[in-house]
Amino acid sequence: MKKPNIKTDLPGPKARELLARDALVVSPSYPRDYPFVMSHGKGAEIWDVDGNRFLDFAAGIAVCSTGHSHPAVVQAIKDAADKFLHISSDYWHEGQVRLAERLNALSPMKEPVMSFFAQSGTESVEAALKLARYTTGRGRFIGFLGGFHGRTMGSLSFTSSKYTQQKGFFPSMPGVTHVPYPNSYRPLLAGADQGLAVLRYIEDVLFVHNVPASEVAGILIEPIQGEGGYLVPPDGFLQGLRELCDRHGILLIFDEVQSGIGRTGKMFAAQHWDVAPDIMTLAKGLGSGLPIGMVVAKRSIMQKWTRGAHGNTFGGNPLCCAAALATVDLVEREYCANAAKVGDYFMRRLRVFADKFPVVGEVRGKGLMIGVELVKDRATKEPAKKLCDALITRAYHNGLILLSCGQSTVRFMPPLVIDEGDVDEAIALLEQSLTEVLSDEHIH
């Protein structure tokens, strides 16, 4: 296929110059997959410093929910900047209160909620953990294998999507026990219903032999697992987890950092199963690119926090709140429904794509949170990690920005503003890229 949007070798000369400068002064710890150097973006399109145009189906790791530089979001930020840039959480301002009111109206909790403001997903998770410990008086937690909740020491103790995230940082926060995330494609426990199997493991094995249920403050879970492989849990699992928590006085904490704010075709992924968490964390797509995170908890829980129990300097920043208010309005008005509609179309196209390529083991997801798992053989389901990595890189060279997750899953998390034409372009570039990679004998 001709590549009219890619005008130079990649990386181009201007990109190579900046990469050389970066290598001297920026931490090498960032897990960068390929050398894309951004110049600007609009909607789902982005350009590098050499003028090459790409279709962005990563959206800054599911952050640019309303696309790059949505006019309404940009204007909201400009208007806020004209008034003041910072006041700190020691005081009050209209934007912060309005955003908390919006989340109170939209939350899946089915009762009044209160919000704590932060700057990122990991900080939101840290605050949720502190809230759970503070209000229950308990010290233990349960997390899930494959989960990603951040990289600061508390959230890192739950993160288990790759061992490299933990390597070299032991000990992290004690008291976290991991259980399998229910994966029907790759079952770890006996039984056809992996959700039920995991629930039985927690109740009949973990609570009997290792972890006293009366000491567990909370169970932290992504309602759709992100970094671990874009796994959608079996129907009934989250409801069962809610019931288990209620039986033992445990707080159910949903990490909706990646799945929230319209990503899955509903405002929150929890709403696909009509399950109300006690605490929910948000970030990523909440601010369309500005750094903001929130902990949303039932008022009956968060009001137990006393003055000084938790705080920060930048939480509730006026520019970030303005961006989030504009984002929530746009998502509620049109982009949540668009994610559901275009996501259905995308899934149909990907299933046809899977029929053409035997290396596709499974297509899964909801809305515009979609994973395509690659395997060496559909019978053995052996992960095709080298193939996945090669495909991600080849797609970049063909003008499509993607990221992977799990062992060998390509994840699609485009801006919620995309249309069917963008999907068609992405599918064409994906097919071209996979065909080229499969022709390379060194990949197998």
Selected residue [within 19 Å of Gly287 (Cβ to Cβ), assigned to a helix (DSSP H, G or I) and over 21 Å from the mean Cα position of the chain (by Cα)] from Ala132, Ala100, Ala128: Ala100
Candidate set: region 390-422, residues that are part of a helix (DSSP H, G or I) and open to solvent by less than 30 Å² (accessible area, probe 1.4 Å); chosen: the one nearest to Gln258 (Cα to Cα): Ile392
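Rundown of residues vs (1) open to solvent by 30 Å² or more (accessible area, probe 1.4 Å); (2) among the aromatic types (Phe, Trp, Tyr), yes/no style:
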position	(1), (2)
Lys42	yes, no
Phe54	no, yes
His68	no, no
Ala72	yes, no
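Conditions (1) in contact with a Phe, Trp or Tyr (Cβ under 8 Å, 6 or more places away or on another chain); (2) assigned to a strand (DSSP E or B), marked per residue:
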| site | (1), (2) |
| --- | --- |
| Asp9 | no, no |
| Ala20 | no, no |
| Tyr30 | no, no |
| Phe36 | yes, no |
| Ser39 | yes, yes |
| Asp50 | no, no |
Of the residues in region 207-241, those that are open to solvent by 10 Å² or more (accessible area, probe 1.4 Å), in a helix (DSSP H, G or I) and aliphatic (A, V, I, L, M) come to Val208, Ala213
Here is a check on your reading of the model: is Ala339 crowded, with 24+ Cβ neighbours inside 10 Å, within 19 Å of Ala58 (Cα to Cα), out of contact with any Cys (no Cβ under 7 Å at 6 or more places or on another chain) and without any contact (Cβ under 8 Å) to a residue 40 or more places away in the chain? no
When only residues in region 73-97 that are within 19 Å of Val295 (Cα to Cα) and in a helix (DSSP H, G or I) count, which is nearest to the chain's Cα centre (by Cα)? Gln96
Sort out which residues of region 52-63 are under 25 Å from Gln165 (Cβ atoms) and part of a strand (DSSP E or B), and write them in order of number. Asp56
So, of the residues in region 360-380 that are open to solvent by less than 60 Å² (accessible area, probe 1.4 Å) and assigned to a loop (DSSP other than H, G, I, E, B), which turns out to be farthest from Ala62 (Cα to Cα)? Gly367
Qualifying residue in region 144-164 (condition: at pLDDT 95 or above, open to solvent by less than 30 Å² (accessible area, probe 1.4 Å) and under 25 Å from Lys110 (Cβ atoms)): yes
Of these, Leu252, Leu244, which one is free of Cβ contacts under 8 Å to residues at least 60 places away in the same chain, in a helix (DSSP H, G or I) and open to solvent by less than 30 Å² (accessible area, probe 1.4 Å)? Leu244
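The values are calculated or read from the model by the stated rules, or taken from the named source; none is laboratory data. This is a predicted model, so every value here is computed, not measured. Every residue, glycine as well, gets a Cβ built from its backbone with ideal geometry; the counts of neighbours run over all protein chains shown. Just the protein is used for accessible areas: all its heavy atoms, side chains included, with ligands, DNA and RNA removed. Shrake-Rupley method; radii C 1.70, N 1.55, O 1.52, S 1.80 Å.
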